[in-house]
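Asker: Pasting a structure here, questions to come.
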Amino acid sequence: MDKSLDRSITGPGPLDIPTDRRRMHFEKSVSLGNVLTILSMFGGLIVTYAQFSARVSVLEVELVRQRETDKRHEAEAELLKREIREELRDLKVDLRRYAEVLERRSERGTLK
């Protein structure tokens, strides 16, 4: 069978493609679809950055507010701690007085 006849039926084979077409190449033209895609990607990045920046700003404000609240709570806790210590000291003093009074009564024998 003749090979030229075979090729006419099946079409050109991969080896029949010229060598310059087999290499990878880039077109030098840019379509409107490519431009719109790139612009929409940049627009999306800008919107995402703006939203992210707004979220970070809110978090920073909340962080400052929380630090102020923590400082205020620590000051209040310190004040309460001092008040409790003073109350405990007063109770100690009172207990010592009562112990002395009870001791004197027991020495006199008038404990009731």
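The values are calculated or read from the model by the stated rules, or taken from the named source; none is laboratory data. All values derive from a computational prediction rather than experimental measurement. Positions of Cβ are generated from backbone atoms using ideal geometry, with glycine treated the same way; all protein chains shown enter the neighbour counts. Remember, those area values only see protein heavy atoms, side chains included, never the ligands or the DNA or RNA. Shrake-Rupley method; radii C 1.70, N 1.55, O 1.52, S 1.80 Å.
Asker: Quickly run through the range 9-41 and pick out the residues that are modelled with pLDDT under 90, of a type in the set (Gly, Ala, Ser) and surrounded by 10 or more Cβ atoms within 10 Å (Cβ to Cβ).
Answerer: Result: no residue meets the conditions.
Asker: When you look at Glu86, is it in a helix (DSSP H, G or I), open to solvent by 90 Å² or more (accessible area, probe 1.4 Å) and at pLDDT 95 or above, yes or no?
Answerer: Values: in a helix (DSSP H, G or I): yes; open to solvent by 90 Å² or more (accessible area, probe 1.4 Å): yes; at pLDDT 95 or above: yes.
It is true that Glu86 is in a helix (DSSP H, G or I), open to solvent by 90 Å² or more (accessible area, probe 1.4 Å) and at pLDDT 95 or above.
Asker: May I pose another question? Testing Gly44 on (1) exposed (fewer than 10 other Cβ atoms within 10 Å of the Cβ); (2) at pLDDT 95 or above, one condition comes back false. Which one is that?
Answerer: Condition not satisfied by Gly44: (1).
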